[in-house]
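Working notes, beginning with the structure itself.
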Amino acid sequence: MGWSFQIARIRGISIKVHISFFLILILGAVQWGGMTGTIGGALYGVVLMILLFTCVTLHELGHSLVAVHFGIPVREITLLPLGGVSLITRNPDKPIQEMLIAIAGPLVNVVIAAILFVALGGFGGVDLLNGRGLLLNMGKPSLTSMLLWLLAANVSLVVFNLIPAFPLDGGRFMRALLAMPLGYRRATRIASIVGQVIALGIGIFGLVDGNFILILIAVFVFFGAGQETATADSKTVLTTRRVGDAYNKNALTLVVGDRVSKVVDYLLTSHQPNFAVMQGSNLLGIVTRDDVLRALATSTIDLYATEIMERDVLKVESSKTLQDVSETMAQNGKRVVAVYDNSNYLGLVGIEDISEAFTILAFLERQERHRQELRAVQQAKN
């Protein structure tokens, strides 16, 4: 995610903070500084927010480490003002795996809440909360109020994330349950509809209550559910074709000695964004449109293509499905791969090619479904 910087790395998972995260620190400082009227109160608010997002990070690590256990790579966890986002490169293949990944995050918060409960001396400490779960002495920063505030926050994280609104943890757990009898695609559609209905309810309540945070959460859940449906449809469609059927068999290529000016000509006269640099039948590297633009922006010399090409080329077998290749790209952070038939180079496939293939295949699938419906109607008439 852009505008993010890394603060830690755990089990190969990069922990990043988005630049907007500092807004929540400012909010904590303003809230507690305003209540106490002191700089100490403002610092207390900042510490509270840092501790809260430590709990959020542990929540996301719960998801991520279970995913890694099942062989699903996790590239990063990014902290945002509204929470954390784990970039898990693909959905699990088995519903039981998704159930365990989904429940792992809230379970981490349950453990944290239990530890805080014991540290506070059980119900004796919790008595300091009023009927709405707020501290009776919110204006007095102390260790006890900090522990109580974090206890309430972790309980809230558990309750919120277990709402069966896709793509929250509860919604993912529900999809996994539905996927067992219905299949992944239908389960995703049902879970997404439920998630969007719940999101509308949250949004309406937020508008009536004047709660801007609830409105933002509702928007996140609503569009997140729609995106998950699109992802599920894409996965189903892309598994029907091999990458060996999708690469450009008439692609323009470069050879050793070609310069950037030639690539510019190709870019201006074709729709091809990526070019293989060949030495005989051997692939040396790839020159992309972005590589050319960087070269034009930083140098006035007509460089050789070999000087700007990417040598670390990700290779995939032609027998892999487009979905497999798409997931491999996501796991390795690549936008272009080289397609091989054993040791024989065939061509390049980029993320744009897969997107275009999905569009075409989705239309073909829709046409076939329509034809089947017409045949069923005709058979019913006969």
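What to note about this one:
- Cα Rg, Dmax (largest Cα-Cα span) when computed across segment 263-382, Å: 19.9, 74
- Footprinting exposure proxy ranking of 222, 70, fewest other C-beta atoms within 10 angstrom first, gives 70, 222.
- Segment 197-224 versus segment 1-48: alpha-carbon centroid distance in Å: 24 Å
- Dipole magnitude of the chain, debye to nearest 20 (Cβ charges: Lys/Arg +1, Asp/Glu -1, about Cα centre): 640 debye
- Pairs of lysine residues in the chain - Cα separation under 24 Å, sequence separation of 8 or more or cross-chain: 12
- Theoretical FRET efficiency, 1/(1+(r/R0)^6), r = Cβ-Cβ of residue 335 and residue 159, R0 56 Å, to 0.05: 0.90
- Stokes-Einstein diffusion for the chain, with the hydrodynamic radius set to the Kirkwood value over Cα pairs and evaluated at 4 °C in a medium of 1.567 mPa s, equals 53 µm²/s.
- Length available on full extension from residue 111 to residue 363: 0.36 nm per residue minus the Cα-Cα distance, which gives 85.9 nm.
- Length-normalised contact order for the chain - Cα pairs under 8 Å, 6+ apart - percent: 10 percent
- 11 Å beta-carbon shell around residue 182, net charge (K/R +1, D/E -1): +4
- All Cα-Cα distances of segment 1-162, cut into 10 Å bins from zero to the largest, leave 10, 34, 34, 17, 5, 0 percent in each bin in turn.
Values quoted throughout were computed directly from the atomic coordinates according to the rules given, and no laboratory measurement underlies them. Keep in mind it's a predicted model, so treat the numbers as computed, not measured. A quick note on method: Cβ atoms are made from the backbone with ideal geometry, for glycine too, and the neighbour counts reach across all protein chains shown.
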